[in-house]
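Notes follow once the structure below has been shown.
Any read-out appearing in this document is the output of simple, stated calculations on the displayed coordinates, not a laboratory observation. All of these numbers come straight from a predicted model, not from anything done at the bench. Quick reminder, even Gly has a Cβ in these numbers, built from the backbone with ideal geometry, and neighbours come from all protein chains shown.
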Amino acid sequence: MVSQTWATAPPPLDPRTLPGPVWVVAPHPDDEALGCGALLCALTDLGQEVWALLLTDGGFSHPASRAYPRPRLGELRLHEWRSGLAQLGVPPDRTRALGLLDGALSGYDPVEVREAVGRAFAAAPPGTVLMPWSRDPHPDHRAAWKLVGAAVSSEARRLAYTVWLPERGGPADWPAPNEATPWRFAVGAARSRKAAAVAAHATQLGLITDDPAGFTLAPGMVERALDGPELYFEVLPPTKEIP
Ligand SMILES: [Zn+2]
């Protein structure tokens, strides 16, 4: 599903053109699987060095659950995240998690977050960073764009991926003409591995039954993500700002 402003199909993204190491940044566990599972498969199949950075604990999805209070939920979601990434070829020792509070990213001190992201990136300075689009319709995703973007070197390629944009985005949330270079990446044969990566997130797929208002990924949204194509918007680094 592509917005009307994207009626002309973007060109296909060739994963061999992305310099490594490649980092995928996820505000919540499952964003990376839904948004770029197929591209991550392709990159790791090519032998590219792929790392993953998780910003929040994901612990706000079921706030009323007694069986899964926040610490337990956060621990389980971290385990799910690493399991899903392993399906995509990213080993646990190439994952980093900051443990910030789910739902509250915009409240953090930008300098502290930038420094924490910088410390994570120092393990393998990124040649390419995949991060949610600046207007992907979730407050944490939008906050992540600024917080993480400040830690990305101007030499690295930065490709924005989409999670909620096709279902929840308004016309103004899509990139304006000349705001970004769009790419598409077909899911193709990676569908089963992408599906396994998404399925690793059982807490988001109905595992928790004692919080009726808790979050569950809509089947239609998951199907759309599995059908693809994945969309990427490549942006130039922002003009230099004095911190
Ligand atoms: Zn998210």
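At 222 nm, what value in deg cm²/dmol follows for the chain if DSSP H runs of at least 4 each add -39500 (n - 2.57) and the sum is divided by all its residues, to the nearest 500? Spell out each step's value before the answer.
Values: 7 runs with 78 residues, N = 243.
Computed mean residue ellipticity for the chain: -10000 deg cm²/dmol.
Label positions at residue 104 and residue 75, each projected 7 Å from the Cα along the C-beta direction, are separated by 2.0 nm. Build a GNM of the chain with springs between Cα atoms under 10 Å apart, and of 182, 19, 219 the one that fluctuates most is 219. Taking the chain as a Gaussian network, Cα atoms linked when under 10 Å apart, which of 136, 14, 109 shows the biggest mean-square fluctuation? In this elastic network of the chain, the residue with the biggest mean-square fluctuation among 136, 14, 109 is 109.
Around the Cα centre of region 105-202, unit charges on the Cβ atoms of Lys, Arg, Asp and Glu (plus for the first two, minus for the last two) sum to a dipole of about 400 debye. Taking 126, 27, 69 in turn, the Gaussian network model of the chain (Cα-Cα springs below 10 Å) assigns the largest fluctuation to 69. Among 34, 212, 58, whose Cα projects farthest towards the positive end of the dipole of region 22-235, with charges put on the beta-carbon of Lys, Arg (+1) and Asp, Glu (-1)? The residue sitting most towards the positive pole is 34. Geometric descriptor of region 22-235, per residue, is 115 Å³ (volume of the convex hull of the Cα atoms).
Taking amide H positions as modeled 1.01 Å from N, with prolines and chain starts lacking one, the residues under 5 Å from residue 157 and 5 or more places away or on another chain are 128, 129. Around the Cα centre of the chain, unit charges on the Cβ atoms of Lys, Arg, Asp and Glu (plus for the first two, minus for the last two) sum to a dipole of about 180 debye.
With R₀ fixed at 30 Å, the C-beta to C-beta distance from residue 153 to residue 93 puts the FRET efficiency at about 0.85.
Let me know the longest stretch in the chain that avoids all trypsin sites (Lys or Arg not before Pro) found in a DSSP loop with at most 12 other C-beta atoms within 10 Å. Present the calculation step by step, with values, prior to reporting the outcome.
On the way: sites that count: 66, 240.
That gives 67-239 as the longest site-free run.
Across region 48-65, computed HN-Hα scalar couplings (Karplus, 6.51 cos²θ - 1.76 cosθ + 1.60, θ = phi - 60°) run 5, 7, 10, 10, 9, 10, 9, 7, 10, 7, x, x, 9, 6, 9, x, 9, 6 Hz from first to last residue, x flagging Gly and Pro. Taking every DSSP beta bridge that has both ends in region 22-235, the antiparallel portion is near 35%.
Note on residue 186 and residue 112: the model spin-label points, each 7 Å out from Cα along the C-beta direction, lie 4.7 nm apart.
When region 22-235 is described by a simple charge dipole with +1 on each Lys and Arg Cβ and -1 on each Asp and Glu Cβ, the residue from 86, 67, 177 located farthest towards its positive end is 86. For residue 45 and residue 172, the FRET efficiency from 1/(1 + (r/R0)^6), where r spans their Cβ atoms and R0 equals 35 Å, is about 0.45. The charge dipole of region 1-140, taken about its Cα centre with unit charges on the Cβ atoms of Lys, Arg (+1), Asp and Glu (-1) only, comes to about 140 debye. Annotation for residue 221 and residue 8: the two label points, set 7 Å from Cα along the Cα-Cβ direction, are 3.1 nm apart.
For region 97-145, report the translational diffusion coefficient in µm²/s to the nearest whole number, using Stokes-Einstein at 25 °C, 0.890 mPa s, and a Kirkwood Rh over Cα pairs. Can you show the working numbers first?
On the way: Rh = 11.8 Å.
Rounded to a whole number, D works out at 208 µm²/s.
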